[in-house]
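Structure, as structure tokens:
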Amino acid sequence: MSADLVLQGIDKTFADTGAPVLRDFSLTVAAGTCTAILGPSGSGKSTLLRVIAGLETADAGTVRIGGHDMVAVAAERRRVGMVFQRSLLFPHLSVLDNIAFSGRVSGVGRAAARARAADYLAMVQLDGFGNRRVHELSGGQEQRVAIARALAAEPAVLLLDEPFSALDAALRGDMHDLLESVRAVASPTIVLVTHDRDEASRVSDRIALIENGVLLTEGTVSEAYRRPRSLRAAQLMGGRNEVPGTVRGAVHHSALGDVPFGSGACEGAGILVIRQEDVVLHRGSAADVPAASVPGVVESARVSGARIEVGVRCGDVLLSAEISPTQPCAVGDRVTLSLPADAVHVVSI
Ligand code: ADP
Ligand code: MG
């Protein structure tokens, strides 16, 4: 039931503002896979989903689903389901009839539509909630019903527009698990819009970064984190280390010294990036460190969730490392940072 989604050269400008919202946006989401669209607020994510769904018309470009051009296909015939941050369930219908709605609209009899709806209710782990009214549900349950309602229409493509961002962290985690189990059974092609990097990496196969209506990069989750295509892509993925320098051979030369790197730009000017999680911190000197090692002094140490963010001054460069609180580390400590070559990446300037 899933299908490839292929976007080609989408442009969109709203007449009243005149500013381009989507610019030459091309993206392919393979059948049955999930791509997260990650980007700052106002970057055009919702507009992109609305264009895919047929709720907005693009000025240029094509939307193809399962090889078919959708330009002349009305929204309700595109086999696209959508779930928003607010569930938009019908308050006057029971939970079961909300889910049965698409079946009823497409001509399925009441009993058959309800029977099928009950299956979808079970899929989102809400057996026994069918007779409830929408106002009797918690926020998390409401989003489960919204997902069941979208799935009941058997969409080829499921579009999720920040569907979990109003939920607390524990519920969000439950929803991520739920989405995984739904994908195992129904496997629609999914586009998930989120501004939460952890959510994108937990739920999706690939991540597409968007900024100012432009696709910056698209790739696997690990490429997004560890092989960013540009400095901006690294920054949007939360990378905090960037060191300008020059590449000769497979070595990056900078104020940090000579650092061998595993991937990225070839000869010439390049910025070294390494995830703060990949920087290894040793106390004192570390003669036996197998990677490039850089001496420094701890300048700051801040608790961030279950980890500690450490700023280490290495000459002119301030590097960031994330360490476990079990590792003793205090401001003023002399330390050595090691930068494993396979974690070091260089982007062109
Ligand atoms: P995101 O979902 O990434 O936050 P949106 O797609 O909602 O971004 O919006 C992108 C830009 O388009 C914003 O500047 C927003 O103000 C503008 N925009 C969205 N919808 C409309 C509309 N219907 N008319 C005019 N401008 C709009
Ligand atoms: Mg939005």
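The values are calculated or read from the model by the stated rules, or taken from the named source; none is laboratory data. The structure presented is a predicted model; accordingly, all values stated were derived computationally and were not measured. Every residue, glycine as well, gets a Cβ built from its backbone with ideal geometry; the counts of neighbours run over all protein chains shown. Heads up: the accessible areas ignore ligands, DNA and RNA and are worked out on the full protein's heavy atoms, side chains in. Shrake-Rupley method; radii C 1.70, N 1.55, O 1.52, S 1.80 Å.
A few points about this structure:
- Ratio of Rg to Rh over segment 154-213 (Cα coordinates, Kirkwood Rh, two decimals): 0.95
- Result for the chain in a Gaussian network model with C-alpha springs under 10 Å: among 115, 321, 75, the largest mean-square fluctuation is at 115.
- The C-alpha atoms of the chain define a longest principal axis, and helix 169-186 lies at about 60 degrees to it.
- Split the accessible area of the chain by element, probe 1.4 Å, and carbon with sulfur accounts for 51%.
- Averaging Cα coordinates gives a centre for segment 214-250 and one for segment 326-348; these two points are 18 Å apart.
- Taking the square roots of 5 times each eigenvalue of the Cα gyration tensor of the chain, largest first, gives ellipsoid semi-axes of 45, 25, 15 Å.
- In plain terms, if you count all Cα to Cα distances in segment 91-232 and split them into 10 Å steps from zero, the share in each step is 11, 37, 31, 15, 6, 0 percent.
- Rounded to the nearest 20 debye, dipole of segment 92-185 from Cβ charges on Lys, Arg, Asp, Glu: 460 debye
- Considering only the chain, percent of DSSP beta bridges that pair antiparallel, nearest 5: 75 percent
- Listed residue (195, 131, 25) projecting farthest to the positive dipole end of the chain, Cβ model: 131
- A cut-off under 13 angstrom between Cβ atoms defines the neighbours of residue 156, and their net charge, with Lys, Arg +1 and Asp, Glu -1, is +2.
- Solvent-accessible area per residue, Å², over the chain with all protein chains present [probe radius 1.4 Å]: 46 Å²
- A Gaussian network model of the chain, with springs between Cα atoms under 10 Å, assigns the largest mean-square fluctuation among 229, 307, 50 to 307.
- Magnitude of the charge dipole for segment 243-348, about its Cα centre and with charges confined to Cβ atoms of Lys, Arg (+1) and Asp, Glu (-1), is about 160 debye.
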